[in-house]
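**Q** Before I ask anything, here is the structure I am working with.
The values are calculated or read from the model by the stated rules, or taken from the named source; none is laboratory data. Keep in mind the model is a prediction, meaning the values are calculated, not measured. A quick note on method: Cβ atoms are made from the backbone with ideal geometry, for glycine too, and the neighbour counts reach across all protein chains shown. Note: areas computed on protein heavy atoms with side chains; ligands, DNA, RNA excluded. Shrake-Rupley method; radii C 1.70, N 1.55, O 1.52, S 1.80 Å.
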Amino acid sequence: MRNSWLIALREWKERIGTRSFLMLSILGPLTVLVVVYFLFILGGQTKQHWNVLITDPAGIMESKILPKEDASIHYSFADGYIEIKEFEKGKRFQEFDAMLEVNEKILTNKTAFVFFREKPSLQMQTRIQYQCERRLEEVLVKQFTKFSIAEFRKIKQPLTIGFRNVYDPNDESSDLRGWVGLFYGTIIFLFIFLFGMTILRSVSREKSNRIVEVLLGCVNPRQLMLGKIVGIGLAAFLQFAIWCLVIGLGLYFMRETLFPNLLDPSNMNIAQLSMDSQLGQEQFFTSREYNEFVNLVYERVNFTDMTAYFILFFIVGYFFYGTLFAAVGASTGSESDGQQFVLPLIFTLCFALYAGYYSLMNPESSLSTLFHYLPFTSPVVVMVKLAQGYEPGHSYELFISLLILIISSLAVLRLAGRIYSNGILQFGHRVQLKHFFRWMK
Amino acid sequence: MSYSLESNTMLEVQNISKSFHRKVALDDVSLNIHKGEIFGMLGPNGAGKTTLIRIINKIVQPDKGLVRFNGEIMTQNHLSQIGYLPEERGLYRSMTVENHALFLGQLRGLSKADVKLKLNYWLDKFDIQNWRDKRIEELSKGMAQKVQFICTVLHEPQLLILDEPFSGFDPINVELIKQELIEMKISGKTIILSSHNMESVEAICDRVALIHQSKKIMEGRISELQETRKKGEYAVRFRGSMIAFVNALWTGFEIVDKDILGDDKFVVRVKMRGENKFEDLLKVLIGQINIEAAWEVLPSMQEIFIDLVQPKIENNHAQ
């Protein structure tokens, strides 16, 4: 065991000293953060300022729309009718981003059009629509009822209808969360692939530079293989920890500085909003369009649980595949010879990712259940399932899957260990499938 | 079998057989290597030497037979008492000499402090202290070979197994390594040497075994082997006339070969006929030529090796 540990430490030191390790440790999480940043930006462009011209030839809106100025939209009114071509090319209209056309029939057909120069964000569209709707509501209440607008709004309560699964009345699972699970699974397989290839290259390099025989004079092949897998795995784990730290700090930084309003309680707790105030109602309205991704990242995903199981499945899954990569590396006659036998492994990894996607889309199917227990696919499928949430009383399924993966890993470790032991001192041959079967015996 | 009487045996290889998918690599090979001796393992390429060495080092498992180390059945634990330098050896190119020594030394059971102490001793001894922080890729092949040798002996093993230890070394370093091996032998270490360099084998080995076509075909002390395979030839180095030398001989002697060392200086190899002895040869020559030296010609290890291996190869070709 001591020798395996020494080999692991050497591998670890060698890996973390490489330029590619440093690059991946820094660039990897930064890429994720950049992607998240853009998703935030695209989902919540609240700071953009719009200049909107309202054409209201009938004077229905009486040249007013809001009791007070909106920081992000400035409305101007035109009494006459403006042709679209004129708005498009007219010099005096160039300062406007959009033109809201309020025609005479709006009170009956409830239809208006906004002609924009550059498509507004979903949130901006919602805002304009909401503010226009409210102004028309005032006009309609005044024209057709005896209520004051304040009284009317007291009576008028929006109805929220939520569609819920009967087996998941609290809406704990969702596709969106499943995607997070798939993301976790993808990270597992990305690391398995990257570091599996590192194992393969390291084994075949030791073979080709013949240090392997010196090592085998001190340790047995299984200890050597195990040490190598553990060492490279530790490097992978360190890299993962760096990813977690950088992404975690990055998300915190974004929340605190770049997007301070992302988690504004008024955006989050719709039910608690006061419906009396103009602000409250507006917040309610806009919260419907609230960026679900932000909500997902900061609130809905149980990162503690996910990360804990991620680590478990990452470790066991890594051992499962890592030993296979080591066996392929040990079987090769030269450093480049093993490429053809890596392809089936890569296909298996890709298939596992597809299985995760399939399970996300068809969570109840029997094939998803099979993928959930199949050791080749379980690390990613379990992550998806975990993110979606197990049905009450069915969380034991996760442990059965983990147990199957552990047992399979031990079996593969034994089998791959044999291939490794028999293949590691074979040089100069062209590896064929029959070698694997022969060396397994 | 009792081993109390065999206390002089460091390593016993008992009836080892090994096949690799129908190809027999070793066929019932047995060897006894005594404590404190340098044992040469000879044989042509593909004879099975490396397989046997790998079996001794527990790198390969035999199909049949066993290996005893110091009277005990060889286990993984004994490996820390063995230093193994394989024929095809490598080092991690990006590691420094010191880190290499630390890694391999610790694998063989030494503490960090011990490795540093012993490495210091060897670097001093070979006068290569300035190599300590050099990366392996910065060293020449010969320099790397020296580092490999140091890493092999660093943990002061009881048994040293060296597969072609002189390959890659220049003559000066071959002598240096030979000297080190002799010193180790004097200090009580046992050394197994597999080499094609017959001159070196002859110079430093006490006993040898010849493995050929998966079988051990001969084992013994070098002097004994030379004695049993000598051809009754004697050499005489003299000054004078070659004609006088030939005239002095009568029918009881046969000239086998001659070397001309100068205008009047020769070495002639003579074979006895009938019951004639070395003394008879000297008697007929004295007074005819100036004898500088005369000795019995013993076959070199190279000759013994070729003698033993060649007929078998020819037989195989004939079949």
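**Q** Return the only residue of B:Met74, B:Met95, B:Met41 being over 23 Å from the mean Cα position of the chain (by Cα) and farther than 18 Å from A:Leu224 by Cβ.
**A** Result of the check over B:Met74, B:Met95, B:Met41: B:Met74.
**Q** Oh, and also: For A:Ala241, are the conditions met, namely being closer than 30 Å to B:Cys151 by Cβ, at pLDDT 85 or above, out of contact with any strand residue (DSSP E or B) (no Cβ under 6 Å at 6 or more places or on another chain) and in a helix (DSSP H, G or I)?
**A** no
**Q** Let me ask another. Can you name the number of the only condition in (1) outside any loop (DSSP other than H, G, I, E, B); (2) touching a strand residue (DSSP E or B) at 6+ places or on another chain (Cβ under 9 Å); (3) open to solvent by 70 Å² or more (accessible area, probe 1.4 Å); (4) at pLDDT below 85 that B:Glu199 fails?
**A** (2)
**Q** Also, quick follow-up: It is to be established whether one or more residues within region B:57-71 are within 14 Å of chain A (Cβ to nearest Cβ), outside any strand (DSSP E or B) and open to solvent by less than 10 Å² (accessible area, probe 1.4 Å).
**A** Yes, there is a match, as at least one residue in region B:57-71 is within 14 Å of chain A (Cβ to nearest Cβ), outside any strand (DSSP E or B) and open to solvent by less than 10 Å² (accessible area, probe 1.4 Å).
**Q** Has region A:403-418 got at least one residue that is assigned to a helix (DSSP H, G or I), within 23 Å of A:Phe240 (Cβ to Cβ), among the basic types (Lys, Arg) and assigned by TED's automatic domain parsing to the domain that holds A:Leu226?
**A** No - not one qualifying residue is present in region A:403-418.
**Q** Something else now. In this structure, does A:Gly196 turn out to be at pLDDT 80 or above, over 20 Å from the mean Cα position of the chain (by Cα) and within 14 Å of chain B (Cβ to nearest Cβ)?
**A** Spelling it out, it is not the case that A:Gly196 is at pLDDT 80 or above, over 20 Å from the mean Cα position of the chain (by Cα) and within 14 Å of chain B (Cβ to nearest Cβ).
**Q** Name the residue, out of A:Leu27, A:Leu100, that is without any contact (Cβ under 8 Å) to a residue 60 or more places away in the chain, in contact with a Cys (Cβ under 9 Å, 6 or more places away or on another chain) and on the phi < 0 side of the Ramachandran plot.
**A** A:Leu100
**Q** Considering only region A:63-89, state which residues are acidic (Asp, Glu) and either touching a residue at least 60 places away in the same chain (Cβ under 8 Å) or surrounded by 17 or more Cβ atoms within 10 Å (Cβ to Cβ) (or both).
**A** A:Asp70
**Q** Next question, about the same structure. Quick test for you: out of B:Leu117, B:Leu102, B:Leu107, pick the one residue that is more than 11 Å from chain A (Cβ to nearest Cβ) and over 15 Å from B:Lys146 (Cα atoms).
**A** B:Leu117
**Q** Can you name every residue in region A:28-64 that is within 17 Å of A:Tyr75 (Cα to Cα), among the hydroxyl-bearing types (Ser, Thr, Tyr) and at pLDDT 85 or above?
**A** Correct list: A:Thr55 only.
**Q** OK, next. From B:Lys125, B:Lys118, B:Lys134, B:Lys146, which residue is assigned by TED's automatic domain parsing to the domain that holds B:Phe39 and closer than 30 Å to B:Gly46 by Cβ?
**A** Exactly one residue qualifies, and that residue is B:Lys146.
**Q** Could you pull out the residue among A:Arg2, A:Arg92 that is open to solvent by 70 Å² or more (accessible area, probe 1.4 Å) and within 14 Å of chain B (Cβ to nearest Cβ)?
**A** A:Arg2
**Q** Could I ask something else about it? For region B:131-158, how many residues meet the condition of being in a helix (DSSP H, G or I), open to solvent by less than 10 Å² (accessible area, probe 1.4 Å) and in contact with a Lys or Arg (Cβ under 7 Å, 6 or more places away or on another chain)?
**A** The number of residues fulfilling the criteria is 0.
**Q** Next up: Given the conditions (1) more than 14 Å from every other protein chain (Cβ to nearest Cβ); (2) under 24 Å from the mean Cα position of the chain (by Cα); (3) outside any loop (DSSP other than H, G, I, E, B), report the number of the one that B:Lys18 does not fulfil.
**A** (1)
**Q** Given the residues B:Ile182, B:Ile128, B:Ile161, which is the only one that is more than 14 Å from chain A (Cβ to nearest Cβ), open to solvent by less than 40 Å² (accessible area, probe 1.4 Å) and out of contact with any Pro (no Cβ under 6 Å at 6 or more places or on another chain)?
**A** B:Ile128
**Q** Moving to a separate point now. Of everything in region B:83-99, what is more than 7 Å from chain A (Cβ to nearest Cβ) and open to solvent by less than 50 Å² (accessible area, probe 1.4 Å)? Give them in sequence order.
**A** Listed by number, the residues that qualify are B:Gly83, B:Leu85, B:Met95, B:Thr96, B:Val97, B:Glu98.
**Q** Outside any loop (DSSP other than H, G, I, E, B), at the interface with chain A (Cβ under 9 Å from one of its Cβ atoms) and under 24 Å from B:Asn173 (Cα atoms): does that describe B:Leu123?
**A** Against the criterion (outside any loop (DSSP other than H, G, I, E, B), at the interface with chain A (Cβ under 9 Å from one of its Cβ atoms) and under 24 Å from B:Asn173 (Cα atoms)), B:Leu123 does not qualify.
**Q** Working carefully through the options B:Leu85, B:Leu102, find the one that is of a type in the set (A, V, I, L, M, F, W, C) and without any contact (Cβ under 8 Å) to a residue 40 or more places away in the chain.
**A** After ruling out the rest, the residue left standing is B:Leu102.
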